[in-house]
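A short write-up of the structure that comes next.
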Amino acid sequence: MMITNPSDEKIKQILQEAKRIAVVGLSGNPDRTSYMVSAAMQHAGYEIIPVNPTVDEVLGEKAVPSLQDIEGAVDIVNVFRRSEHLPDVARETVEIGAPVFWAQLGLENKEAYDYLQQHGVTSIMNRCIKVEHAKFKA
């Protein structure tokens, strides 16, 4: 089975309905892609939850060390970690009951994808959430 992303229509629906995005690997460095993308999504009205054990706060939001440390529901788990880390993040995504797993541009992992499919989690890989959001808000 290949990695297949949802249709543009489904991605648009996900972005319209989502409110809280947990960003795994969100850096506190404003020059990093994870910071810039998350800042843009925060500016667009999404609640950003930084998931990074090495920072205390990013974009004015208190960081948590892992997905399990988030209080309340998460709509999208957005991942900025190398592809080999995706299976672990996929397992955590299933554990917290998040309905959508989003691996940023350049990131994909077949093992993680298959696991997410088996557990009914919508999976988007190798796409930038900021670019997709910009595509649909026009």
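The values are calculated or read from the model by the stated rules, or taken from the named source; none is laboratory data. In this text, all values refer to a predicted model and were calculated from it rather than measured experimentally. Cβ atoms come from the backbone with ideal geometry, glycine included; neighbour counts cover every protein chain shown. Ligands, DNA and RNA are excluded from the accessible area calculation, which covers all protein heavy atoms including side chains. Shrake-Rupley method; radii C 1.70, N 1.55, O 1.52, S 1.80 Å.
Taking loop as defined by DSSP and a crowding limit of 11 other beta carbons within 10 Å, which trypsin sites (Lys or Arg not before Pro) in the stretch 33-138 fit?
ARG82
Tell me, how many Å apart are the Cα centres for the stretch 100-138 and for the stretch 24-62?
Rounded to whole Å, the Cα centres lie 18 Å apart.
When the dipole is taken about the Cα centre of the chain, and only Lys, Arg (+1) and Asp, Glu (-1) are charged at their Cβ, what size is it in debye, to the nearest 20?
440 debye
Probe radius 1.4 Å, ligands and nucleic acids ignored: give me the carbon and sulfur share of the accessible area of the stretch 31-138 as a rounded percent.
46 percent
Per residue, how much accessible area does the stretch 8-136 have with a 1.4 Å probe, in Å²?
Heavy-atom accessible area per residue stands at 49 Å².
For the chain, what is the percent of antiparallel DSSP beta bridges, rounded to the nearest 5?
10 percent
Please report the spacing between the Cα centers of the stretch 67-93 and the stretch 6-23 in Å, no decimals.
Cα centroid of the stretch 67-93 versus Cα centroid of the stretch 6-23: 16 Å apart.
Contour minus end-to-end for ASP88 and GLN118, with contour as 0.36 nm per residue of separation and end-to-end as the Cα-Cα distance?
Stretched fully, the ASP88-GLN118 segment lengthens by 9.3 nm.
7 Å from Cα along Cα→Cβ at both LYS62 and ARG32: what's the point-to-point distance in nm?
Simple spin-label model gives 2.1 nm for this pair.
Before rounding to the nearest 500, sum -39500 (n - 2.57) across all DSSP H runs of length at least 4 in the chain and divide by the residue total; then give [θ] at 222 nm in deg cm²/dmol.
Calculated mean residue ellipticity at 222 nm is -10500 deg cm²/dmol.
Where in the stretch 22-99 are there GluC sites (Glu not before Pro) that are in a DSSP coil and have at most 10 other Cβ atoms within 10 angstrom of their Cβ?
Answer by residue number: GLU71.
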